[in-house]
1. With 10 angstrom as the radius, rank 360, 380 by how many other C-beta atoms surround their C-beta, starting from the fewest.
2. When every alpha-carbon pair in the range 65-159 is counted, what percent end up more than 17 Å apart?
3. Per-residue ellipticity at 222 nm for the chain, helices alone: DSSP H runs ≥ 4 residues times -39500 (n - 2.57), over residue total, nearest 500 deg cm²/dmol?
4. Which order, highest average first, do 80-93, 307-320, 134-147 follow once you tally other Cβ atoms within 10 Å for each residue and take the mean per peptide?
5. In what sequence, highest mean first, do 50-62, 208-220 appear when ranked by Cβ atoms within 10 angstrom?
6. Testing the spin-label approximation: label points 7 Å from Cα along Cα→Cβ at residue 143 and residue 209. State their distance in nm.
7. Give me the percent of DSSP beta bridges within the chain that run antiparallel, rounded to the nearest 5.
8. If you take the C-alpha gyration tensor of the range 1-113, multiply each eigenvalue by 5 and take the square root, what semi-axes do you get, largest first, in whole Å?
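Bear in mind these aren't lab numbers, they're just calculated from the coordinates by the rules spelled out. Source: prediction; values computed, not measured. Positions of Cβ are backbone-derived with ideal geometry, glycine not excepted, and every protein chain shown enters the neighbour counts.
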């Protein structure tokens with residue numbers, strides 16, 4: 001029988017907790033260790049180093065576990081107890097893991113919040129579809145509230161059956177038209193020469209040995225220096241720059257580089273991340289895709305009337321829309337479709353501000369080499385098509401290539 005190191009470690013942790021007054025969530029730690037074994041291939045407690053801890057909390061956990069933001073403190077406390085135990089028992093470098101956990105914690109909180117947002121957005125879309133199927137207008141607040149109350153009063157089995165039937169009936173929504181792509185070698189050249197790669201490598205080079213704030217970011221003063229040095233356009237710049245977030249284009253690029261492991265901030269100073277060499281070398285496509293995914297990932301929809309934030313949150317939908325059209329789409333058509341969706345989903349009805357925010361997002365995509373102007377419209381570049389297709393495949397879409405057999409569309 002194979003040695004079950006997870007159970008052995010959990011049993012030893014229970015004994016270790018008896019020596020401490022503070023209660024430890026042993027079961028929670030056991031689940032984390034089991035996740036580490038199954039998802040990142042951890043072979044034992046001795047193998048949990050800072051890199052493995054990052055993979056566990058920033059990649060495996062958000063992908064495999066649906067957690068609420070309110071649960072983050074308890075999860076991090078459990079991880080902290082695990083780190084303390086491993087250090088005390090001599091299984092790992094406790095100081096290194098403690099430092100890594102401090103750096104990972106805010107990023108883990110954001111990753112859980114992002115995953116929770118995606119789950120809630122998907123659930124809201126399903127509820128809206130069910131509501132419409134019952135003849136209820138989601139814009140009629142009183143009618144919508146009444147429908148939700150009645151739906152929630154149904155037995156759990158009936159609620160599940162209705163959702164399952166809806167998903168089965170509309171399963172074809174996850175099929176997109178076929179596209180034609182150039183060779184992988186041509187795509188690699190395009191990725192290496194793309195604006196997204198150039199901007200990111202320039203930022204990563206600038207960041208080396210730069211001292212960072214407690215939030216793992218450059219200070220406002222340093223951030224403005226970075227903008228000047230790498231020549232990054234900042235049309236959304238705040239009137240007063242007090243933090244990196246007041247330079248939205250740099251803020252997005254910085255955190256995409258960090259989350260894609262192009263840039264390492266774990267030591268309180270900027271350093272090359274493990275994926276930086278790939279982005280500048282032979283595995284550029286893999287590294288570029290990770291960077292692109294983080295740059296365009298669905299952001300939390302802001303409260304209120306922040307059109308820029310709302311359009312930013314809907315960027316994945318804009319990319320899907322462009323992908324499905326199969327050719328240039330007039331700017332006005334993209335703006336009209338987005339404005340209609342925003343008006344239905346959010347408390348904002350000013351189409352002009354939505355159009356302005358969309359124009360800036362499309363300009364970013366063009367600067368990255370993902371989209372291009374075509375007459376009075378926009379279309380995805382071959383690199384953009386490839387990147388969006390890879391993301392769709394990861395989300396469970398059927399995304400055939402031109403000439404492949406595909407389901408009826």
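1. Numbers: 360 16, 380 24.
So the residues, fewest neighbours to most, are 360, 380.
2. Details: 2924 of 4465 pairs.
For the range 65-159, the share of Cα pairs beyond 17 Å comes to 65 percent.
3. Values: 19 runs with 248 residues, N = 409.
After summing the helix terms and dividing by the residues of the chain, the value is -19000 deg cm²/dmol.
4. Details: 80-93: 18.2, 307-320: 20.5, 134-147: 12.4.
The densest-packed peptide leads the list: 307-320, 80-93, 134-147.
5. Top to bottom by mean Cβ count within 10 Å: 50-62, 208-220.
6. A separation of 6.7 nm, rounded to one decimal place.
7. The antiparallel fraction comes to roughly 75 percent.
8. Values: eigenvalues 82, 52, 39 Å².
Whole-Å semi-axes of the equivalent ellipsoid: 20, 16, 14.
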